[in-house]
1. Please tell me if residue 185 is more than 30 Å from residue 111 (Cβ to Cβ), assigned to a loop (DSSP other than H, G, I, E, B) and at pLDDT 95 or above.
2. Determine which member of the set 106, 56 is surrounded by fewer than 17 Cβ atoms within 10 Å (Cβ to Cβ), under 30 Å from residue 286 (Cα atoms) and of a type outside the set (Gly, Ala, Ser).
3. Take segment 171-209 and flag every residue that is buried (at least 20 other Cβ atoms within 10 Å of the Cβ) and at positive phi.
4. Please enumerate the residues belonging to segment 4-33 that are at pLDDT 95 or above and surrounded by fewer than 14 Cβ atoms within 10 Å (Cβ to Cβ).
5. Of the numbered conditions (1) over 30 Å from residue 51 (Cα atoms); (2) over 18 Å from the mean Cα position of the chain (by Cα); (3) of a type in the set (Lys, Arg), residue 320 satisfies every one except a single condition; which is it?
6. Given the criteria in a strand (DSSP E or B), over 23 Å from residue 179 (Cα atoms), among the small types (Gly, Ala, Ser) and over 18 Å from the mean Cα position of the chain (by Cα), does residue 135 qualify?
7. Six or more apart or on different chains, Cβ atoms under 6 Å: show the pairs whose first residue is in segment 268-286 and under 15 Å from residue 298 (Cβ atoms) and whose second is part of a strand (DSSP E or B) and β-branched (Val, Ile, Thr).
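The values are calculated or read from the model by the stated rules, or taken from the named source; none is laboratory data. Nothing here was measured: the structure is a model prediction, and the numbers come from that model. No Cβ is skipped: glycine too gets one built from the backbone with ideal geometry, and neighbour counts run over all protein chains shown.
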Amino acid sequence: MNPPVRRLQVVDSHTCGQPTRVIITGASLPPGADPGAAREELRTQRDWVRRVAVMEPRGHRSMFAAALIPPVTSRGDFGVVYMDSYGYPNMCGHATIGVVTTLFEEGFIPGLAAGHPADVDLALLTPAGRVELRAHLAGEHVESVAFRIPMAYYLGPVDIRVRDVDKTAELAYGGQWYAFIDVAGLGIGVERESVDELVRMSVAARAEIERNIDLSDPMTGTPPHPVNVVWVDSPRRPDADARNVAISPAGSFDRSPCGTATCARMAALMARGQLAVGDPFINEGLMGTVYRGRAVAEATRRGITGIVAEVAGSAWVTGRSELTVDPRDPLGDGYLVGGGPAIGGAALDNVIRPTVGARRTP
(Lines give C-alpha, C1' and ligand atoms only; values in the text may rest on other atoms or scores of the structure.)
Protein backbone atom coordinates (compact mmCIF):
# COMPACT_ATOMS: atom_id res chain seq x y z
CA MET A 1 0.00 0.00 0.00
CA ASN A 2 1.33 3.43 -0.89
CA PRO A 3 1.84 5.93 1.96
CA PRO A 4 -0.88 8.57 2.25
CA VAL A 5 -0.76 11.94 0.53
CA ARG A 6 0.69 14.55 2.88
CA ARG A 7 -1.25 17.81 3.14
CA LEU A 8 -0.67 21.34 4.43
CA GLN A 9 -3.46 23.88 4.78
CA VAL A 10 -1.93 27.33 4.24
CA VAL A 11 -2.84 31.00 4.02
CA ASP A 12 -0.60 33.23 1.92
CA SER A 13 0.03 36.93 2.45
CA HIS A 14 2.63 39.54 1.67
CA THR A 15 4.05 42.16 4.01
CA CYS A 16 5.14 45.25 2.10
CA GLY A 17 5.94 42.93 -0.82
CA GLN A 18 7.57 39.99 1.02
CA PRO A 19 5.61 36.69 1.08
CA THR A 20 4.57 34.76 4.16
CA ARG A 21 2.91 31.35 4.00
CA VAL A 22 1.19 30.51 7.29
CA ILE A 23 0.80 26.76 7.83
CA ILE A 24 -2.55 26.37 9.55
CA THR A 25 -2.69 22.57 9.74
CA GLY A 26 -0.44 19.71 8.68
CA ALA A 27 2.71 20.50 10.66
CA SER A 28 1.30 18.44 13.58
CA LEU A 29 2.45 20.80 16.32
CA PRO A 30 0.46 20.27 19.55
CA PRO A 31 -1.30 23.18 21.29
CA GLY A 32 0.96 25.07 23.66
CA ALA A 33 4.19 23.52 22.35
CA ASP A 34 7.36 25.44 23.14
CA PRO A 35 8.44 27.11 19.84
CA GLY A 36 12.10 26.15 20.32
CA ALA A 37 11.24 22.52 20.94
CA ALA A 38 8.72 22.56 18.08
CA ARG A 39 11.39 23.92 15.76
CA GLU A 40 13.77 21.08 16.66
CA GLU A 41 10.98 18.56 16.16
CA LEU A 42 10.30 19.90 12.67
CA ARG A 43 13.99 20.18 11.84
CA THR A 44 14.85 16.61 12.88
CA GLN A 45 11.63 14.70 12.19
CA ARG A 46 9.46 16.56 9.66
CA ASP A 47 11.65 18.90 7.65
CA TRP A 48 9.46 18.03 4.65
CA VAL A 49 6.99 20.58 6.05
CA ARG A 50 9.50 23.39 5.50
CA ARG A 51 10.64 22.12 2.11
CA VAL A 52 7.10 21.69 0.81
CA ALA A 53 5.91 25.07 2.11
CA VAL A 54 8.92 27.09 1.00
CA MET A 55 10.66 25.55 -2.00
CA GLU A 56 9.82 24.84 -5.61
CA PRO A 57 7.51 23.80 -7.17
CA ARG A 58 5.10 25.31 -4.62
CA GLY A 59 7.34 28.17 -3.50
CA HIS A 60 10.67 29.75 -4.40
CA ARG A 61 14.02 30.78 -2.95
CA SER A 62 12.58 33.89 -1.28
CA MET A 63 9.42 32.27 0.11
CA PHE A 64 9.01 32.40 3.88
CA ALA A 65 6.74 30.20 5.98
CA ALA A 66 5.50 30.07 9.54
CA ALA A 67 3.95 27.02 11.20
CA LEU A 68 1.26 27.92 13.72
CA ILE A 69 1.21 26.53 17.25
CA PRO A 70 -2.33 26.89 18.63
CA PRO A 71 -2.77 28.02 22.24
CA VAL A 72 -3.99 25.64 24.94
CA THR A 73 -6.86 27.98 25.85
CA SER A 74 -8.85 30.54 23.87
CA ARG A 75 -7.07 33.35 25.73
CA GLY A 76 -3.59 31.94 25.28
CA ASP A 77 -0.87 33.21 22.96
CA PHE A 78 -0.33 31.61 19.58
CA GLY A 79 3.15 30.27 18.89
CA VAL A 80 5.06 30.04 15.65
CA VAL A 81 8.05 28.34 14.02
CA TYR A 82 9.66 30.37 11.22
CA MET A 83 11.22 28.70 8.19
CA ASP A 84 12.88 29.72 4.95
CA SER A 85 14.86 28.10 2.15
CA TYR A 86 17.98 28.00 4.35
CA GLY A 87 16.55 26.75 7.62
CA TYR A 88 14.76 27.92 10.75
CA PRO A 89 15.41 31.55 11.80
CA ASN A 90 14.85 32.60 15.40
CA MET A 91 12.71 35.55 14.40
CA CYS A 92 11.32 37.30 11.34
CA GLY A 93 9.63 40.70 11.33
CA HIS A 94 7.72 40.59 8.06
CA ALA A 95 6.46 37.07 8.81
CA THR A 96 5.33 38.16 12.30
CA ILE A 97 3.27 40.93 10.71
CA GLY A 98 1.92 38.42 8.18
CA VAL A 99 1.05 35.84 10.86
CA VAL A 100 -0.82 38.34 13.05
CA THR A 101 -2.70 39.76 10.06
CA THR A 102 -3.67 36.23 9.04
CA LEU A 103 -4.85 35.33 12.55
CA PHE A 104 -7.23 38.29 12.57
CA GLU A 105 -8.34 38.10 8.95
CA GLU A 106 -9.07 34.36 9.20
CA GLY A 107 -10.97 34.70 12.49
CA PHE A 108 -8.51 32.87 14.75
CA ILE A 109 -8.39 36.00 16.91
CA PRO A 110 -11.68 37.91 17.23
CA GLY A 111 -11.72 41.68 16.97
CA LEU A 112 -12.52 42.65 13.39
CA ALA A 113 -15.90 44.30 13.04
CA ALA A 114 -17.41 47.29 11.34
CA GLY A 115 -16.81 50.43 13.35
CA HIS A 116 -14.10 52.81 14.43
CA PRO A 117 -10.38 51.86 14.42
CA ALA A 118 -9.07 50.01 17.44
CA ASP A 119 -5.67 48.95 18.74
CA VAL A 120 -5.36 45.41 20.11
CA ASP A 121 -2.36 44.38 22.22
CA LEU A 122 -1.29 40.75 21.99
CA ALA A 123 1.83 38.56 21.84
CA LEU A 124 3.33 35.82 19.70
CA LEU A 125 5.55 33.07 21.10
CA THR A 126 8.63 32.54 18.91
CA PRO A 127 11.96 30.68 19.13
CA ALA A 128 13.48 34.08 20.01
CA GLY A 129 11.06 34.52 22.92
CA ARG A 130 7.74 36.25 23.53
CA VAL A 131 7.19 39.09 21.05
CA GLU A 132 4.83 41.89 22.08
CA LEU A 133 2.53 43.18 19.34
CA ARG A 134 -0.08 45.81 18.64
CA ALA A 135 -2.54 45.36 15.78
CA HIS A 136 -4.31 48.42 14.42
CA LEU A 137 -7.77 47.35 13.23
CA ALA A 138 -10.12 49.34 11.04
CA GLY A 139 -13.52 47.86 10.29
CA GLU A 140 -13.12 44.41 8.79
CA HIS A 141 -9.38 44.53 8.18
CA VAL A 142 -5.99 44.86 9.84
CA GLU A 143 -4.42 48.17 8.87
CA SER A 144 -1.00 47.54 10.41
CA VAL A 145 0.89 45.47 12.98
CA ALA A 146 3.72 46.70 15.21
CA PHE A 147 6.09 44.26 16.89
CA ARG A 148 8.79 44.78 19.50
CA ILE A 149 12.17 43.09 19.70
CA PRO A 150 13.17 43.08 23.39
CA MET A 151 16.88 43.24 22.56
CA ALA A 152 18.58 44.55 19.43
CA TYR A 153 22.23 45.53 19.69
CA TYR A 154 25.27 46.72 17.75
CA LEU A 155 28.31 44.45 17.58
CA GLY A 156 30.75 46.64 15.69
CA PRO A 157 32.43 47.33 12.33
CA VAL A 158 34.31 44.90 10.12
CA ASP A 159 36.58 46.12 7.31
CA ILE A 160 36.04 44.27 4.02
CA ARG A 161 36.61 44.79 0.30
CA VAL A 162 33.72 44.94 -2.17
CA ARG A 163 34.38 45.31 -5.89
CA ASP A 164 37.99 46.20 -5.02
CA VAL A 165 36.73 49.06 -2.81
CA ASP A 166 37.48 49.26 0.92
CA LYS A 167 34.17 49.22 2.79
CA THR A 168 32.95 48.83 6.36
CA ALA A 169 30.28 46.32 7.30
CA GLU A 170 28.36 47.32 10.43
CA LEU A 171 27.34 44.18 12.37
CA ALA A 172 24.16 44.25 14.46
CA TYR A 173 21.60 41.81 15.86
CA GLY A 174 17.82 42.19 15.73
CA GLY A 175 16.58 38.61 15.99
CA GLN A 176 19.02 37.62 13.24
CA TRP A 177 22.54 38.82 12.41
CA TYR A 178 22.86 41.59 9.84
CA ALA A 179 25.86 43.20 8.15
CA PHE A 180 25.02 46.67 6.80
CA ILE A 181 27.13 47.85 3.85
CA ASP A 182 26.61 51.21 2.15
CA VAL A 183 26.60 50.98 -1.65
CA ALA A 184 28.13 54.46 -2.07
CA GLY A 185 31.15 54.27 -4.38
CA LEU A 186 30.32 50.76 -5.64
CA GLY A 187 28.66 51.86 -8.87
CA ILE A 188 25.39 50.14 -8.01
CA GLY A 189 22.19 51.08 -6.20
CA VAL A 190 19.45 49.30 -4.28
CA GLU A 191 17.13 48.85 -7.26
CA ARG A 192 15.01 46.00 -8.58
CA GLU A 193 17.10 45.69 -11.74
CA SER A 194 20.32 45.45 -9.67
CA VAL A 195 19.22 42.78 -7.22
CA ASP A 196 20.86 39.82 -9.03
CA GLU A 197 24.24 41.52 -8.87
CA LEU A 198 23.68 42.49 -5.23
CA VAL A 199 22.95 38.83 -4.45
CA ARG A 200 26.22 37.82 -6.12
CA MET A 201 28.14 40.50 -4.22
CA SER A 202 26.69 39.22 -0.95
CA VAL A 203 28.34 35.80 -1.27
CA ALA A 204 31.89 37.17 -1.10
CA ALA A 205 31.01 39.81 1.50
CA ARG A 206 29.40 37.21 3.80
CA ALA A 207 32.34 34.83 3.51
CA GLU A 208 34.80 37.60 4.41
CA ILE A 209 32.72 38.76 7.37
CA GLU A 210 32.26 35.25 8.78
CA ARG A 211 35.99 34.58 8.54
CA ASN A 212 36.77 37.58 10.70
CA ILE A 213 34.18 37.81 13.47
CA ASP A 214 32.61 35.49 16.02
CA LEU A 215 28.88 35.34 15.38
CA SER A 216 27.88 32.98 18.17
CA ASP A 217 24.96 34.37 20.14
CA PRO A 218 26.19 35.95 23.41
CA MET A 219 22.67 35.66 24.86
CA THR A 220 22.50 31.88 24.51
CA GLY A 221 26.06 30.85 23.60
CA THR A 222 24.79 29.06 20.49
CA PRO A 223 25.33 29.89 16.82
CA PRO A 224 22.38 31.83 15.38
CA HIS A 225 21.15 31.94 11.79
CA PRO A 226 24.18 33.02 9.71
CA VAL A 227 24.69 36.65 8.79
CA ASN A 228 22.39 38.38 6.33
CA VAL A 229 24.03 41.02 4.13
CA VAL A 230 22.08 44.30 3.91
CA TRP A 231 22.96 46.78 1.18
CA VAL A 232 22.13 50.34 2.24
CA ASP A 233 21.35 53.23 -0.09
CA SER A 234 19.86 56.73 0.01
CA PRO A 235 16.04 56.71 0.13
CA ARG A 236 13.90 57.42 -2.90
CA ARG A 237 10.84 58.45 -0.92
CA PRO A 238 10.90 61.89 0.69
CA ASP A 239 9.47 60.53 3.95
CA ALA A 240 12.09 57.76 4.35
CA ASP A 241 15.39 57.89 6.23
CA ALA A 242 17.14 55.05 4.38
CA ARG A 243 16.64 52.37 1.73
CA ASN A 244 17.96 48.81 1.91
CA VAL A 245 17.69 45.24 0.71
CA ALA A 246 18.52 42.25 2.94
CA ILE A 247 20.00 39.15 1.30
CA SER A 248 20.01 35.79 3.10
CA PRO A 249 22.60 32.97 3.03
CA ALA A 250 20.26 31.08 0.65
CA GLY A 251 20.54 33.89 -1.88
CA SER A 252 16.99 35.08 -1.28
CA PHE A 253 16.29 38.78 -0.95
CA ASP A 254 13.67 40.69 0.99
CA ARG A 255 11.18 42.66 -1.06
CA SER A 256 10.12 44.52 2.09
CA PRO A 257 12.52 46.72 4.10
CA CYS A 258 13.04 43.68 6.43
CA GLY A 259 11.62 44.07 9.92
CA THR A 260 14.37 42.50 12.01
CA ALA A 261 17.01 44.26 9.89
CA THR A 262 15.26 47.54 10.64
CA CYS A 263 15.53 46.73 14.36
CA ALA A 264 19.22 45.92 14.02
CA ARG A 265 19.86 49.08 11.98
CA MET A 266 18.25 51.25 14.66
CA ALA A 267 20.46 49.61 17.30
CA ALA A 268 23.55 50.40 15.20
CA LEU A 269 22.46 54.00 14.59
CA MET A 270 21.76 54.54 18.27
CA ALA A 271 25.12 53.05 19.30
CA ARG A 272 26.82 55.51 16.94
CA GLY A 273 24.85 58.47 18.30
CA GLN A 274 22.77 58.93 15.12
CA LEU A 275 19.43 57.98 16.68
CA ALA A 276 17.88 58.63 20.09
CA VAL A 277 15.17 56.88 22.10
CA GLY A 278 11.80 57.87 20.69
CA ASP A 279 13.12 59.09 17.33
CA PRO A 280 11.26 57.71 14.30
CA PHE A 281 13.18 55.74 11.70
CA ILE A 282 11.42 55.11 8.38
CA ASN A 283 13.08 52.37 6.35
CA GLU A 284 12.33 51.94 2.64
CA GLY A 285 12.57 48.61 0.83
CA LEU A 286 13.19 47.47 -2.72
CA MET A 287 9.53 47.92 -3.71
CA GLY A 288 9.27 51.45 -2.30
CA THR A 289 7.27 50.25 0.71
CA VAL A 290 8.28 51.31 4.22
CA TYR A 291 8.50 50.09 7.79
CA ARG A 292 8.08 52.64 10.53
CA GLY A 293 10.42 52.03 13.45
CA ARG A 294 11.56 53.61 16.68
CA ALA A 295 13.85 52.81 19.56
CA VAL A 296 11.43 52.40 22.47
CA ALA A 297 14.04 52.27 25.25
CA GLU A 298 17.59 51.32 26.06
CA ALA A 299 18.09 47.73 27.22
CA THR A 300 20.85 45.72 28.91
CA ARG A 301 21.05 41.94 29.03
CA ARG A 302 24.02 39.86 30.22
CA GLY A 303 26.26 42.90 30.07
CA ILE A 304 25.29 43.83 26.51
CA THR A 305 23.72 47.25 25.87
CA GLY A 306 21.13 47.62 23.14
CA ILE A 307 17.60 48.80 22.54
CA VAL A 308 14.01 47.68 22.68
CA ALA A 309 13.06 48.17 19.02
CA GLU A 310 9.59 48.58 17.53
CA VAL A 311 8.66 48.25 13.86
CA ALA A 312 5.25 48.62 12.19
CA GLY A 313 4.15 47.49 8.75
CA SER A 314 1.16 46.19 6.81
CA ALA A 315 0.28 42.82 5.29
CA TRP A 316 -2.42 41.62 2.91
CA VAL A 317 -3.84 38.10 2.55
CA THR A 318 -3.37 36.87 -1.03
CA GLY A 319 -4.68 33.31 -1.02
CA ARG A 320 -5.79 30.16 0.76
CA SER A 321 -4.85 26.69 -0.44
CA GLU A 322 -3.96 23.09 0.31
CA LEU A 323 -0.46 21.89 -0.57
CA THR A 324 -0.18 18.17 -1.27
CA VAL A 325 2.68 15.69 -1.64
CA ASP A 326 1.98 12.69 -3.85
CA PRO A 327 4.10 9.80 -2.51
CA ARG A 328 4.89 8.80 -6.13
CA ASP A 329 6.45 12.20 -6.90
CA PRO A 330 10.30 11.96 -6.88
CA LEU A 331 10.54 15.75 -6.39
CA GLY A 332 7.59 16.01 -4.05
CA ASP A 333 9.59 17.18 -1.04
CA GLY A 334 10.74 20.33 -2.82
CA TYR A 335 13.92 21.65 -4.41
CA LEU A 336 15.76 24.83 -5.35
CA VAL A 337 17.13 25.74 -8.76
CA GLY A 338 19.50 28.65 -9.38
CA GLY A 339 21.76 30.59 -7.07
CA GLY A 340 24.11 27.61 -6.91
CA PRO A 341 23.69 23.83 -7.26
CA ALA A 342 20.15 22.56 -7.63
CA ILE A 343 19.02 21.16 -4.31
CA GLY A 344 16.33 18.57 -3.83
CA GLY A 345 15.06 15.80 -1.60
CA ALA A 346 17.39 14.46 1.09
CA ALA A 347 20.28 16.59 -0.21
CA LEU A 348 18.69 19.50 1.62
CA ASP A 349 20.02 18.04 4.86
CA ASN A 350 23.37 19.48 3.83
CA VAL A 351 22.16 23.07 3.97
CA ILE A 352 19.72 23.28 6.87
CA ARG A 353 22.25 22.99 9.68
CA PRO A 354 24.68 25.92 9.39
CA THR A 355 28.02 25.54 11.17
CA VAL A 356 29.71 28.57 12.69
CA GLY A 357 33.31 27.84 13.55
CA ALA A 358 35.76 29.72 15.75
CA ARG A 359 36.49 33.19 14.45
CA ARG A 360 38.59 36.15 15.35
CA THR A 361 36.71 38.81 17.30
CA PRO A 362 37.87 42.35 16.47
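1. On the way: more than 30 Å from residue 111 (Cβ to Cβ): yes; assigned to a loop (DSSP other than H, G, I, E, B): yes; at pLDDT 95 or above: yes.
Answer is yes for this residue.
2. Numbers: 56 fails: surrounded by fewer than 17 Cβ atoms within 10 Å (Cβ to Cβ).
Residue meeting the stated conditions: 106.
3. The one that is buried (at least 20 other Cβ atoms within 10 Å of the Cβ) and at positive phi: 175.
4. Narrowing segment 4-33 to residues at pLDDT 95 or above: 6-33.
Once the filter is applied, which keeps residues that are at pLDDT 95 or above and surrounded by fewer than 14 Cβ atoms within 10 Å (Cβ to Cβ), segment 4-33 yields 7, 28, 30, 31.
5. Tallying (1) over 30 Å from residue 51 (Cα atoms); (2) over 18 Å from the mean Cα position of the chain (by Cα); (3) of a type in the set (Lys, Arg), residue 320 fails exactly one: (1).
6. On the way: in a strand (DSSP E or B): yes; over 23 Å from residue 179 (Cα atoms): yes; among the small types (Gly, Ala, Ser): yes; over 18 Å from the mean Cα position of the chain (by Cα): yes.
Yes: the conditions hold for residue 135.
7. Pairs found: 270/307.
Conditions (1) at pLDDT below 95; (2) surrounded by 21 or more Cβ atoms within 10 Å (Cβ to Cβ); (3) within 20 Å of residue 134 (Cβ to Cβ); (4) not polar (S, T, N, Q), marked per residue:
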{"site": "62", "(1), (2), (3), (4)": "yes, no, no, no"}
{"site": "79", "(1), (2), (3), (4)": "no, yes, yes, yes"}
{"site": "85", "(1), (2), (3), (4)": "yes, yes, no, no"}
{"site": "94", "(1), (2), (3), (4)": "no, yes, yes, yes"}
{"site": "97", "(1), (2), (3), (4)": "no, yes, yes, yes"}
